[in-house]
1. Could you work out the helix-only [θ] at 222 nm for the chain, with each DSSP H run of four or more residues adding -39,500 (n - 2.57) and the total divided by the number of residues, to the nearest 500 deg cm²/dmol?
2. Based on the alpha-carbon set only, what is the convex hull volume of the range 9-76 divided per residue, in Å³?
3. Report the extension gain between residue 170 and residue 24 in nm, rounded to one decimal, defined as 0.36 nm multiplied by the number of residues separating them, less their alpha carbon distance.
4. Of the residues 88, 42, 145, which exhibits the maximal mean-square fluctuation in a Gaussian network model of the chain defined by a 10 Å Cα contact cut-off?
5. For residue 1 and residue 89, calculate 0.36 nm times their separation in residues minus their Cα-Cα distance, and state this gained length in nm to one decimal.
6. Give me the one-decimal Kirkwood hydrodynamic radius in Å for the range 34-170, with the sum taken over alpha-carbon pairs.
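Values quoted throughout were computed directly from the atomic coordinates according to the rules given, and no laboratory measurement underlies them. As the structure is a prediction and not an experimental result, all values here were calculated from the model.
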């Protein structure tokens with residue numbers, strides 16, 4: 001039961017797709033950010049504010065390293081998880097990595113729809129779209145290391161079906 005690890009920008013659908021995929025496969029779903037919240041006893045935005053990004057990234061790495069290969073997990077990583085330490089290599093050693101590649105314009109609309117200021121990397125951003133475009137450029141080399149890439153905005157069930165097809169061929 002190979003793990004499936006979803007990577008991509010914030011609001012790319014990792015949690016939504018991950019929950020649906022886990023249910024379809026009979027796997028356990030893990031949201032890495034929520035695991036960190038449980039371990040640390042505070043929200044991600046509060047961790048960034050009180051202890052800084054470097055501390056958060058270390059906790060994130062420890063949470064990632066606690067996962068076991070072949071455990072029947074679907075894992076939604078944080079948007080920046082693949083971009084620090086050697087996390088993408090770790091992710092690939094834990095299972096099959098899938099990059100959900102969503103255009104910046106779509107991500108911006110999704111984030112605006114949520115209307116929550118809980119994304120530390122967006123705090124104080126003058127232009128949401130500009131910040132997202134810059135982050136995508138910065139993170140693309142890491143995301144490109146994923147085993148599979150699913151392009152563009154698609155219905156959740158279609159994404160789940162495409163991932164299941166990929167798994168059947170792996």
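1. Numbers: 7 runs with 92 residues, N = 170.
So the helix-based figure for the chain works out to -17000 deg cm²/dmol.
2. Cα-based convex hull of the range 9-76, divided per residue, equals 88 Å³.
3. 50.8 nm
4. 42
5. Roughly 29.7 nm would be gained on extension.
6. Working: mean 1/r = 0.0609 Å⁻¹.
When all Cα pairs of the range 34-170 are included, the Kirkwood radius is 16.4 Å.
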